[in-house]
Amino acid sequence: MFKRIMTPVDLGHVGKLEKALAAAAALAKSEGAAITYVSVTSPQPGAVAHSPEEFKAKLEAFASEQGSAHGIPTDAHVIVSHDPSVDVDDALLKAVTDLDADLVVMASHAPGFADYFWPSNGGKVAAHSKASVFVVRDN
């Protein structure tokens, strides 16, 4: 049913992604699909990495660890943006097309007051993606 699962990852908050990562791995294993872990970073030094190259190496290591832990094929896709907080939704939607993903598995927080005015990342991706989207609550 699914061949390529795209899973957005925030390397600075991996602990909050455990349920989504487990769901993506279970689906990949049951479907015989590969997972591409996608993350958006800036060209400036940040808390996770000093450069996009270092960020890419960390995301590739994360993907490799996930693949080994779950026995599934994985890879990494880094998107460099001058303002990740503004561009993340559009960058993820473009990545769905670029990767030819047929399923997106992503974490989301429980809706709050602000979500009535600004959609969550998962909400925007689900509303505008050509792929199926599985949004996993982190609580």
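Points to keep in mind about this one:
- Residue ID - nearest to the chain's Cα centre (by Cα), chosen from residues in the range 12-41 that are closer than 13 Å to residue 58 by Cβ and open to solvent by 40 Å² or more (accessible area, probe 1.4 Å): 14
- Qualifying residue in the range 50-59 (condition: out of contact with any strand residue (DSSP E or B) (no Cβ under 7 Å at 6 or more places or on another chain), over 22 Å from residue 93 (Cα atoms), at pLDDT below 95 and open to solvent by 50 Å² or more (accessible area, probe 1.4 Å)): no
- Residue 4 satisfies every condition listed in (1) among the basic types (Lys, Arg); (2) surrounded by 17 or more Cβ atoms within 10 Å (Cβ to Cβ); (3) closer than 15 Å to residue 121 by Cβ except (3).
- Filter result for residue 86 (touching a helix residue (DSSP H, G or I) at 6+ places or on another chain (Cβ under 7 Å) and within 19 Å of residue 128 (Cβ to Cβ)): no
- For the range 93-111, a tally of residues being surrounded by 16 or more Cβ atoms within 10 Å (Cβ to Cβ), closer than 17 Å to residue 23 by Cβ and not charged (D, E, K, R) returns 7.
- Matching residues, the range 67-77, being over 13 Å from the mean Cα position of the chain (by Cα) and either open to solvent by 30 Å² or more (accessible area, probe 1.4 Å) or farther than 21 Å from residue 26 by Cβ (or both): 68, 69, 70, 71, 73
The values are calculated or read from the model by the stated rules, or taken from the named source; none is laboratory data. Keep in mind it's a predicted model, so treat the numbers as computed, not measured. Glycine gets a Cβ as well: all are built from the backbone with ideal geometry, and neighbour counts include every protein chain shown. Areas reflect the complete protein model, heavy atoms only, side chains present, ligands, DNA and RNA absent. Shrake-Rupley method; radii C 1.70, N 1.55, O 1.52, S 1.80 Å.
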